[in-house]
Amino acid sequence: MADNRAMPPATPDQPAPAVDKFQPTNRRQRLKIIALTVAVVVALWSLLLLRPGAHPRSIPGVTPEPCKPGQTQACIGGQANVTLLPAASAASR
């Protein structure tokens, strides 16, 4: 008996059937994907934990000194002068 399940030959007026071009990833591609994923996870994790710029570094040889009695500026714990303007009256708004 002949096998009737075979595809009929393509005729000029009928396009050839589409062939599925899917190819599963091979071992080397899977290893590349896994390595890239691990590298991204490690990079993001280190950026979240180490936070570049979050740790201020002191300048060697320069140590800020605490305020002496009566000193209010240019020291640790000094005051910053702030000038406040009075609120505008309701008529000028």
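The values are calculated or read from the model by the stated rules, or taken from the named source; none is laboratory data. All values derive from a computational prediction rather than experimental measurement. Neighbour counts are summed over all protein chains in view; Cβ atoms, including those assigned to glycine, are modelled from backbone coordinates with ideal geometry. SASA here: full protein model, heavy atoms, side chains in, ligands and nucleic acids out. Shrake-Rupley method; radii C 1.70, N 1.55, O 1.52, S 1.80 Å.
Using a simple spin-label model with pseudo-atoms 7 Å out from Cα toward Cβ, Val19 and Leu50 lie 5.0 nm apart. Accessible surface of Cys75, taken over heavy atoms with a 1.4 Å probe and every protein chain present, rounds to 30 Å². Modelled spin-label separation between Ala43 and Ala90, with each label point placed 7 Å from Cα along the Cα-to-Cβ direction: 6.0 nm.
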